[in-house]
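To keep things clear, I will list the structure first and then write my remarks on it.
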Amino acid sequence: MERTPKGYTSNFVEAGLKLFIQSHRNMALRELASLEKYLGLKKPNKYSTQGDKKVPVLQNNNAPPLVGLVTIACHLVKEAKRPELLGDGAEGRAVVQQWLEYRVTKLDSHIEDTKSILKDLNLYMQDKVYLAGNQLTLADVLMYYGIHSIILDLAVQEKEQYMNVARWFDHIQHHPGVRHHLPPVVVLRNRLYTSRHH
Amino acid sequence: MELFVSEGNPHCLKVLAALEVTGVQCGVQFINHEGKVVPFLPRPAVPTLFLPSGQHLFSSNTICRYLFELNGPESSDQCNQWLEWEATILQPALLRALHLAVLQGKGSEVPKVLQGPLNVLDQSLAKGSTAYLTGEVVSVADVVLWGALYPVLSVSSLVLSDHKSVKAWFDRVAAVRGCQSAAQKVLQGKGLEAMKSYMQKQPAPQSRDTQPCNSSPAETDEGERNVSEEEMEAAALTWSKDLNACSHPAEKQHPVMPQEGNRNVLITSALPYVNNVPHLGNIIGCVLSADVFSRYGQLRGWNVLFVCGTDEYGTATENKAREEGLTPQQICDKYHAVHSSIYKWFQIDFDFFGRTTTEKQTEIAQDIFWRLHKNGFLVEDTVEQLRCENCQRFLADRFVEGMCPHCSYPEARGDQCDKCGRLINAVELREPQCKVCRQTPEIRSSKHLFLDLPKLETELENWLERSTSSGDWTANAKQITRSWLRDGLKPRCITRDLQWGTPVPHPDFKEKVFYVWFDAPIGYLSITANYTNEWEKWWKNPHQVELYNFMAKDNVPFHSVVFPCSLLGAQDNYTLVSHLIATEYLNYEDTKFSKSRGIGVFGDMAKDTGIPSDVWRFYLLYVRPEGQDSAFSWADMALKNNSELLNNLGNFINRGGMFVTKFFGGCVPAMELLQEDKKLLAVVGWELQQYIQLMDKVKIRDALKHILNISRHGNQYIQVNEPWKKIKGGESERQRAGTVTGVSVNIACLLSVMLMPYMPAVSQTIRDQLNAPQTCINTMLQGPGTFVCALRAGHRIGTVSPLFQKLEADQIEALKKRFGGQQITASTQPAAVPAPPVVAEVKVVNGSDPEKAKQLAEAVAEQGDKVRALKSQKAEKAIITAEVSKLLDLKKQLAVAEGKSPEPAPQKGKKK
């Protein structure tokens, strides 16, 4: 499926559409909105962004605002009383945090190139179903949101090259309630470029 | 638990500090910077904490947080926030600062780089009343930030004087037991110098890292471009040029023949297999893509011949004939007509649409065969095959079933096991059964001829080298070809024990026919030969003719390796492919197209949706699987129709025309170009150039975006200039309204030309509405693009009316249900019975078909029961509607199969 084409920014676009595009532009806010839906949070929170990097800010009525995607996401999970999404025990929590940090540092910063990120994950996912432990955690959800645009751009043969990532990705996008704002990406199960690894 | 750190690595500082502060028991190993600790990270990742569970934590903040949580509470939201800020905001700045100070000796620039983050920290500390970042005790946030800032803040020369609160806090944390000793361990008291070897191994920080993270390169070029004065003047100059003198675009004279001095382009689309109704994926992959390019080539003034046809020989046809009680020839006749009518509806403008079951095919295939034979490129070998005595024939792989020799799955097919997925040789099957009569076939050996591909390999590689470097081969085509060559070529059998095929002329191989893969591509030649007797001027003329093959990627090896080998081996100066254009796959919604499960839209159903052919073409081209797989989605189709066609393109073209009609009595007003107008002309000219560059390289989908960009620019231009207001103003305002209107209709005229390959009917409608001269067609796409003012002041336009219609949500929902394949999941019939034939497969047939009629009658009865049941259960209206429409479809087919006219049963006007 196609990304929404750019160029809608001209001043004649109706206000509603403009708002939609802006929120679309700010992927972090879209992610948080989707996460809220996934968590089943009833009343939507108020968000804004801060700085050049458009870091998301959660406006809190009775506490200072929270800043940062991971921070807010963890806060939402606690609010929804779904501690299992943050991992089991100190170790489990650490592994979840590890990948959340990877997401916002490596994946979002563009310091690393896409290939090395896919390589890391592919090796890591070789014997794993989820990023941390044996169940879906916030790490899977945010990594999925963050890596979506990369996977969307992969050619079939690249998806095969990073097969473990593609398998994990396909699994997460079909997890009930996770996908929300993102278009599904087609992942073929049967291999086409079989001789590649010879 | 073991912690791996290295000297001079600033990240290790906070980790060691955290270890000291928390007092957690843990072994510490110093390793060098290149030490590889984490098995799944190809790069060194220090510090790393090796957990008792065998997992690795490889980032410093996570390690610190873990150490703190081991003996304490979970970190608070506030702590988390500081850690995230440190990792995402502070670290990139620090990396830059350290790079400057340690490697470049530019310590003086450090304050500037760190100013932003330090201001944030300073303000926060000043505002809060607590000693530490998150309270009165040291938290993980303090240790992490302190450790991160230590290398910079501890060096007196870099001290930042105007951050008093930071300074106070920094000193407070430094006094915490353990912090200083951690710093000592990592930096060895050597200050910045200690980090030199570490910093040298880090990638140089980017000077600008504020790129928005969700923009891909393709999108960024679409942003606002700066247009120079020169570009504007050049655009205005082009604008004022005359249309090409030649009054009419040369109508094609058939037969089209190569012309000296012109670009002669021969276009083929992969030959669709005759007994399948093509689905949307087949259509976009081959014929539609080829059609767009062929039409475009003519606009560019090339001499284009576009041929295609149905591929008719093979076992599948034989079998289909047996099923339907017809001869193979009758089956081919019937389905050839189905194909023709589908492509006609999609406006695929073949110069000739032929078929492979012709005398020319026999003649040319046998000629190539004898040449290969004479040149020694055919070898003989015996092949073991299964033969069913009961059916009196050798069994093709797909007509055998048996037990998988690998996993013992009882229903493995002759070529592959569905359970374990392994490839099988049919003779290896245990307990094989003929799929038709269920008798046990026997193994027989029989002599066959093989094309000696290894012998042709060098010649092939030399040719491929030339063709792929000088021509436009898609990346997947090159990749698939390379992988075939890498594996080494093996001799390929070219004969088959069948009747329905081109007979092998060799006396030792009587009774045999050519294998379809050898035979089918020769169809391109024989189809051309049926078009013109002088076909060799196209096919044996590599110096004058450029050959474009269009296909989906599954067809690549036959066009890039096998068929070229046949032609190279035949040594008759054949025209080989110069540009191999392969698409990836188009999926249907979330899944694959499946005829047997009734999933997806097939060629013959598209017209029953009521959506115009041009809109289908537009959407399929918009999602053309160019470079990657894509998916057809109803919701997306509606969205693109409503947003791009209706609100963007259609809206713009309609507005310009309406202004001319309403404000200027139907005549194009005089235009006085201002700077702003010239700027628009330059922008539009640039988009036109991009379009031409992309189309020349057969990037059909990418080029389409530039058409839509132009109308977007146009809409914006109209909106900013508000001609509908200005027309009511004074003289100069009225003139301004005239200029804007005139420029707009001229852009509409340009758009009609650019749209021609994509939406031929709409393109013509636009020119009709504008009463545009036909000469604009062959002017605008010349050279790098020539946007001239084709509708001069005083030109009278025709009647303007809307070009597109909205696709409503309920309409789309109903279509989605209808083609979603639920009919099978909901049906209760046993799996062995073939599903009721899906929709309009038989529409074109004239005579009656009792067998089909019987099946259909059953299907109608069953569907009727289902609808009644749903109604009595008071099911959702939408579900009932969808089922009713299926019922009506089935009834329509039944009527056809019974030989009645396919009048739809009169609908009871219950509700609309």
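The values are calculated or read from the model by the stated rules, or taken from the named source; none is laboratory data. Values in this document were obtained by computation on a predicted structure and should not be read as measured data. Using ideal geometry, Cβ is built from the backbone for each residue, glycine included, and neighbour counts are taken over all protein chains shown. Remember, those area values only see protein heavy atoms, side chains included, never the ligands or the DNA or RNA. Shrake-Rupley method; radii C 1.70, N 1.55, O 1.52, S 1.80 Å.
Tell me, please, whether a residue that is at the interface with another protein chain (Cβ under 9 Å from one of its Cβ atoms), at pLDDT 90 or above and under 30 Å from A:L86 (Cβ atoms) can be found in the range B:95-103.
The first filter runs over the range B:95-103 and keeps only residues at the interface with another protein chain (Cβ under 9 Å from one of its Cβ atoms), leaving B:95.
Now drop any that are not at pLDDT 90 or above, which leaves none.
No, every residue in the range B:95-103 fails to be at the interface with another protein chain (Cβ under 9 Å from one of its Cβ atoms), at pLDDT 90 or above and under 30 Å from A:L86 (Cβ atoms).
Would you call B:A703 crowded, with 21+ Cβ neighbours inside 10 Å, in contact with a strand residue (DSSP E or B) (Cβ under 9 Å, 6 or more places away or on another chain) and over 26 Å from B:H795 (Cβ atoms)?
On the way: crowded, with 21+ Cβ neighbours inside 10 Å: yes; in contact with a strand residue (DSSP E or B) (Cβ under 9 Å, 6 or more places away or on another chain): no; over 26 Å from B:H795 (Cβ atoms): yes.
Answer is no for this residue.
With respect to A:A28, determine if the residue is within 11 Å of chain B (Cβ to nearest Cβ), over 21 Å from B:S76 (Cα atoms), in contact with a Leu (Cβ under 9 Å, 6 or more places away or on another chain) and surrounded by 14 or more Cβ atoms within 10 Å (Cβ to Cβ).
On the way: within 11 Å of chain B (Cβ to nearest Cβ): yes; over 21 Å from B:S76 (Cα atoms): yes; in contact with a Leu (Cβ under 9 Å, 6 or more places away or on another chain): yes; surrounded by 14 or more Cβ atoms within 10 Å (Cβ to Cβ): yes.
Yes, satisfied.
Taking the options B:T468, B:T458, B:T440, B:T481, name whichever one is crowded, with 17+ Cβ neighbours inside 10 Å and either assigned to a strand (DSSP E or B) or away from every other protein chain (no Cβ under 14 Å) (or both). If you could, list the steps in order and put the result at the bottom.
Numbers: B:T458 fails: crowded, with 17+ Cβ neighbours inside 10 Å; B:T440 fails: crowded, with 17+ Cβ neighbours inside 10 Å; B:T481 fails: either assigned to a strand (DSSP E or B) or away from every other protein chain (no Cβ under 14 Å) (or both).
Testing whether each residue is crowded, with 17+ Cβ neighbours inside 10 Å and either assigned to a strand (DSSP E or B) or away from every other protein chain (no Cβ under 14 Å) (or both) leaves just B:T468.
Check whether at least one residue in the range B:653-667 is within 14 Å of another protein chain (Cβ to nearest Cβ) and either assigned to a helix (DSSP H, G or I) or buried (at least 19 other Cβ atoms within 10 Å of the Cβ) (or both), and report yes or no.
Here is the first cut: in the range B:653-667, the residues within 14 Å of another protein chain (Cβ to nearest Cβ) are B:655.
Retained after the next criterion (residues that are either assigned to a helix (DSSP H, G or I) or buried (at least 19 other Cβ atoms within 10 Å of the Cβ) (or both)): B:655.
Looking for residues that are within 14 Å of another protein chain (Cβ to nearest Cβ) and either assigned to a helix (DSSP H, G or I) or buried (at least 19 other Cβ atoms within 10 Å of the Cβ) (or both), one finds at least one in the range B:653-667, hence yes.
Checking B:V338 against (1) touching a Lys or Arg at 6+ places or on another chain (Cβ under 9 Å); (2) surrounded by fewer than 22 Cβ atoms within 10 Å (Cβ to Cβ); (3) assigned to a helix (DSSP H, G or I); (4) of a type in the set (V, I, T), only one condition comes out false. Which one?
For B:V338, the exception is condition (2).
What are the residues in the range B:1-59 that are in contact (Cβ under 8 Å) with a residue 60 or more places away in the chain, away from chain A (no Cβ under 14 Å) and more than 16 Å from B:V140 (Cα to Cα), if any?
Of everything in the range B:1-59, those that are in contact (Cβ under 8 Å) with a residue 60 or more places away in the chain, away from chain A (no Cβ under 14 Å) and more than 16 Å from B:V140 (Cα to Cα) turn out to be B:V5, B:S6, B:E7, B:G8, B:N9, B:P10, B:H33, B:E34.
Is it the case that A:E14 is more than 7 Å from every other protein chain (Cβ to nearest Cβ) and at pLDDT 80 or above?
Working: more than 7 Å from every other protein chain (Cβ to nearest Cβ): yes; at pLDDT 80 or above: no.
In short, no.
Considering only the range B:408-437, state which residues are assigned to a strand (DSSP E or B), open to solvent by 80 Å² or more (accessible area, probe 1.4 Å) and at pLDDT 85 or above.
B:R430, B:E431
So how many residues does the range B:498-522 have that are crowded, with 19+ Cβ neighbours inside 10 Å, outside any helix (DSSP H, G or I) and of a type in the set (D, E, K, R)?
Qualifying residue count, the range B:498-522: 1.
Looking at the range B:1-34 only, could you name the residues that are acidic (D, E), touching a strand residue (DSSP E or B) at 6+ places or on another chain (Cβ under 9 Å) and within 22 Å of B:L192 (Cβ to Cβ)? Step through it out loud before you land on a result.
The initial filter retains those residues of the range B:1-34 that are acidic (D, E), namely B:2, B:7, B:20, B:34.
Next cut, touching a strand residue (DSSP E or B) at 6+ places or on another chain (Cβ under 9 Å) only: B:2, B:7.
Scanning the range B:1-34 gives a single hit, B:E7.
Hey, does the range B:87-94 have a residue that's touching a residue at least 12 places away in the same chain (Cβ under 8 Å), touching a His at 6+ places or on another chain (Cβ under 9 Å) and either among the hydrophobic types (A, V, I, L, M, F, W, C) or more than 22 Å from A:I117 (Cα to Cα) (or both)?
no
Out of the residues in the range A:31-65 that are within 13 Å of chain B (Cβ to nearest Cβ) and outside any loop (DSSP other than H, G, I, E, B), which is most open to solvent (accessible area, probe 1.4 Å)?
For the range A:31-65, the residue satisfying everything is A:Q50.
Any chance you could count how many residues in the range A:107-127 are under 15 Å from B:P203 (Cβ atoms) and either at the interface with chain B (Cβ under 9 Å from one of its Cβ atoms) or β-branched (V, I, T) (or both)? Quick ask: steps written out before the conclusion?
Start the filter on the range A:107-127 by keeping residues that are under 15 Å from B:P203 (Cβ atoms), which leaves A:109-117.
When the remaining residues are screened for being either at the interface with chain B (Cβ under 9 Å from one of its Cβ atoms) or β-branched (V, I, T) (or both), the result is A:109-112, A:114, A:116-117.
Counting residues in the range A:107-127 that are under 15 Å from B:P203 (Cβ atoms) and either at the interface with chain B (Cβ under 9 Å from one of its Cβ atoms) or β-branched (V, I, T) (or both) gives 7.
Between B:S60, B:S129, B:S53, B:S75, which is modelled with pLDDT of 90 or more and among the small types (G, A, S)?
On the way: B:S129 fails: modelled with pLDDT of 90 or more; B:S53 fails: modelled with pLDDT of 90 or more; B:S75 fails: modelled with pLDDT of 90 or more.
After applying the criteria, what remains is B:S60.
Of A:I117, A:I172, A:I111, which residue is more than 23 Å from A:E36 (Cα to Cα) and modelled with pLDDT of 80 or more?
Details: A:I172 fails: more than 23 Å from A:E36 (Cα to Cα); A:I111 fails: modelled with pLDDT of 80 or more.
After applying the criteria, what remains is A:I117.
Somewhere in the range B:769-782, is a residue buried (at least 18 other Cβ atoms within 10 Å of the Cβ), more than 20 Å from B:F659 (Cα to Cα), of a type outside the set (V, I, T) and under 29 Å from the mean Cα position of the chain (by Cα)?
Yes - at least one qualifying residue is present in the range B:769-782.
For B:S633, state whether it is away from chain A (no Cβ under 14 Å) and among the hydroxyl-bearing types (S, T, Y). Steps first, answer last, please.
Values: away from chain A (no Cβ under 14 Å): no; among the hydroxyl-bearing types (S, T, Y): yes.
So B:S633 fails the test.
On the given criteria, is B:E672 open to solvent by less than 40 Å² (accessible area, probe 1.4 Å), among the acidic types (D, E) and either at pLDDT 95 or above or at negative phi (or both)? Don't jump to the end; show me each part of the working.
Values: open to solvent by less than 40 Å² (accessible area, probe 1.4 Å): no; among the acidic types (D, E): yes; either at pLDDT 95 or above or at negative phi (or both): yes.
The answer is no for B:E672.
For the range B:38-61, what are the residues that are on the phi < 0 side of the Ramachandran plot, surrounded by fewer than 23 Cβ atoms within 10 Å (Cβ to Cβ), assigned to a loop (DSSP other than H, G, I, E, B) and over 40 Å from the mean Cα position of the chain (by Cα)?
B:L51, B:P52, B:S53, listed by residue number.
Go through the range B:62-80 residue by residue and tally those that are outside any loop (DSSP other than H, G, I, E, B), facing chain A (nearest Cβ under 9 Å), open to solvent by 40 Å² or more (accessible area, probe 1.4 Å) and free of Cβ contacts under 8 Å to residues at least 60 places away in the same chain.
Residues meeting the conditions: 1.
Residues in the range A:80-102 that are more than 10 Å from chain B (Cβ to nearest Cβ) and open to solvent by 20 Å² or more (accessible area, probe 1.4 Å): how many?
Narrowing the range A:80-102 to residues more than 10 Å from chain B (Cβ to nearest Cβ): A:80-82, A:84-85, A:87-88.
Retained after the next criterion (residues that are open to solvent by 20 Å² or more (accessible area, probe 1.4 Å)): A:80-82, A:84, A:88.
Matching residues across the range A:80-102 total 5.
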